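Single-structure report; data block below.
Just so you know, all these numbers are worked out from the coordinates, no wet-lab data involved. It should be emphasised that the depicted structure is a prediction, and the values quoted were computed from it without experimental measurement. Here Cβ is always computed from backbone atoms with ideal geometry, including for glycine, and neighbour counts include all displayed protein chains.
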Amino acid sequence: MTSTTPTHVDTSIPEIWAKDSLRKVKVDGFWGRFVGGPGAPIVQKAELLNNPGDQIHIQVTDSLAGAGQTGDTAAVVGNEENLATTEIKAAPLLYRHGVRVYQRADKKSILDLRTESRFRLEEWMKDKIDAVRFEKFAATSLPAPLGSETYTPNIYVVGGGADVDAVAVTDDLTVQALQEIKLKMTLQKAKPIMVDGFPHYIYVTHPYTTFQLKQESRYESWVREARERGPQNPFFRGALAVIDGVILYEHPSVPLVTNATSVQVSKGLCFGSEFAVEALDENVSFKEDTFDYESEYGMAVNFAFQPRRALELSSTQVYATAVAV
C-alpha cells in the first residue's frame, strides 16, 4: 500500500517569498557622535563647500613658553615673546559608489530594488566614512596628496616600551593602565572634553582588548560601584565604562597589527577636545541616471572629505594586547 507524500505533489505546493528583504544592518557610524564645531573632538571645517579650492589651511597659534616678568619694577618692554603660528592642512578626497539595475529586474522582483539600493548605499557610506577616519587617526603620515609631512604621535604602551614590538602577550589592558593613560593625557596638557560639567577623555580600542580588561576584578568592581552618569549625553551612550574620567569605547575597526614577537596588538586611541579636524568639500548626495533607452537605471552616492589628526597634545595612541578569543 502506498500513500501520496508531499514529494509526489511538489509542483502543486505553493511557495511564498517574503516581500521584505532580510537586511544585514551594520552598526551606524561610530565617529559621528564626536563631530562638531570648535571644542568638539573632531572639528569639521566647511570652507571648501560650494567654494573653489582643493586644500584648506587651518591656522594654529603656538603656546607661549616664556617665564614672563616678576616684581614691581620689572619691565615687560624689551622682554616680549614672539607669537608663532603653525598650520594644519587638509585636502578632501572624493568617494563614490553606485548600484545598477535592469528595469525588468525591478519589474519582476517583489522587492523595491530602488529603495534597497538607496539603503545599501547609505550603509556603505557610513561604513566607508568610519573606515577612513579609523585609518587616518592611526596613521603616522599625512594623507594624500599633502606630501611628506609626518606625524610624531604621543604613544602609550601597556607594559612599557616605545612601540608595538614592545607589547608582550601578557600586556593586557587594565584599570591601572587606564589610569596611567589618563595621567599621561593630563601631563601633556591634552584638552579634555567637558561632559556634564566634568572633564573627560575618550579611549576607543578593539573588542579583543576590552575582553581582557573585563576579566580583571578591579574593572568589575569599578563598574559595579560607579554611579550612572548622564545617560542622555551622547558621550556616554554606547560606552563600556567610565574609569577615572576616561570614557571607554570598543569598536572592531580599531587597527590590529602583529608585532615582531607574533603578538596581536590593538592601536587604540585616547583623545580629548580638538584632537582631529575634518575638511568637507562635497556634502553627501545621491544621484540617479538611466541607460540604454531607460532599460537600466543606476543610483550613486558621492561625498568628499578628509579627516586627520590636529592638535597632537590632545591624543595618544595606545598599544595593548588584542589576542583573539
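Using only helices, what value at 222 nm comes out for the chain when you add -39,500 (n - 2.57) per DSSP H run of length 4 or more and divide by the total residues, to the nearest 500 deg cm²/dmol? Estimated from H runs of four or more residues: -6000 deg cm²/dmol. Each Lys or Arg adds one and each Asp or Glu takes one away; over the other residues whose Cβ falls under 14 Å from the Cβ of residue 100, this sums to -1.
Considering every alpha-carbon pair of the range 93-142, the percent of pairs per 10 Å bin, from zero through the bin containing the longest distance, is 21, 36, 23, 14, 6, 0.
Relative to the Cα centre, the charge distribution of the chain, modelled as +1 at Lys and Arg Cβ and -1 at Asp and Glu Cβ, gives a dipole magnitude of about 660 debye. Projecting the alpha carbon convex hull of the range 160-201 along each direction and taking the average yields 3.8 nm².
Once backbone amide H atoms are built at 1.01 Å from N, residue 48 has 280 as its partners under 5 Å, excluding neighbours fewer than 5 places away on the same chain. In the chain, taking the dipole from charged Cβ atoms about the Cα centre, the farthest positive-side position among 318, 208, 186 is held by 208.
Wrap a convex hull around the Cα atoms of the range 153-291, take a quarter of its surface area, and give that in square nanometres. It would help to have the intermediate numbers written out before the result.
Numbers: hull surface 50.8 nm².
Approximately 12.7 nm², given one-decimal rounding.
Taking the inverse of the mean 1/r over every pair of distinct Cα atoms in the chain gives a Kirkwood hydrodynamic radius of 23.5 Å. P(r) tail, the range 258-308: Cα-Cα pairs separated by more than 17 Å, 67% of all pairs. Ranked by the mean number of other Cβ atoms within 10 Å of their residues, highest first, the peptides 60-71, 305-316 come out as 305-316, 60-71. Each other residue within a Cβ distance under 9 Å of residue 280 adds +1 if Lys or Arg and -1 if Asp or Glu, for a net charge of -3. Listing 210, 73 from fewest to most neighbouring C-beta atoms within 10 Å gives 73, 210. For residue 250, the amide hydrogen comes within under 5 Å of the amide hydrogens of 205, 240, counting only partners 5 or more places away or on other chains and with H modelled in the peptide plane. Can you tell me the relative contact order of the chain? Whole percent, Cα pairs under 8 Å, sequence separation 6 or more. Rounded, it is 27 percent for the chain. Remark on the range 52-156: Rg and Dmax equal 26.0, 91 Å (Cα only). Evaluating 6.51 cos²θ - 1.76 cosθ + 1.60 at θ = phi - 60° for every residue in the range 103-118, the Karplus couplings come out as 4, 5, 5, 5, 5, 7, 6, 7, 8, 7, 5, 5, 5, 5, 4, 4 Hz, glycine and proline recorded as x. When the P(r) of the range 82-225 is calculated, the portion above 17 Å amounts to 78% of the C-alpha pairs. Listed values for the range 182-193 are Karplus-derived 3J(HN,Hα) couplings in whole Hz (6.51 cos²θ - 1.76 cosθ + 1.60, θ = phi - 60°), namely 4, 4, 4, 4, 5, 5, 8, 6, 5, 6, x, 9, and x replaces Gly and Pro. In order along the range 254-271, the Karplus-derived 3J(HN,Hα) couplings, from 6.51 cos²θ - 1.76 cosθ + 1.60 at θ = phi - 60°, round to 4, x, 10, 9, 9, 7, 5, 9, 6, 9, 7, 10, 8, 9, x, 9, 9, 8 Hz, and Gly and Pro are given as x. Among 262, 295, 273, the order by Cβ neighbours within 10 angstrom, fewest to most, reads 262, 295, 273. Sorted fewest first by neighbouring Cβ atoms within 10 angstrom, 171, 54, 106, 281 come out as 54, 106, 171, 281.
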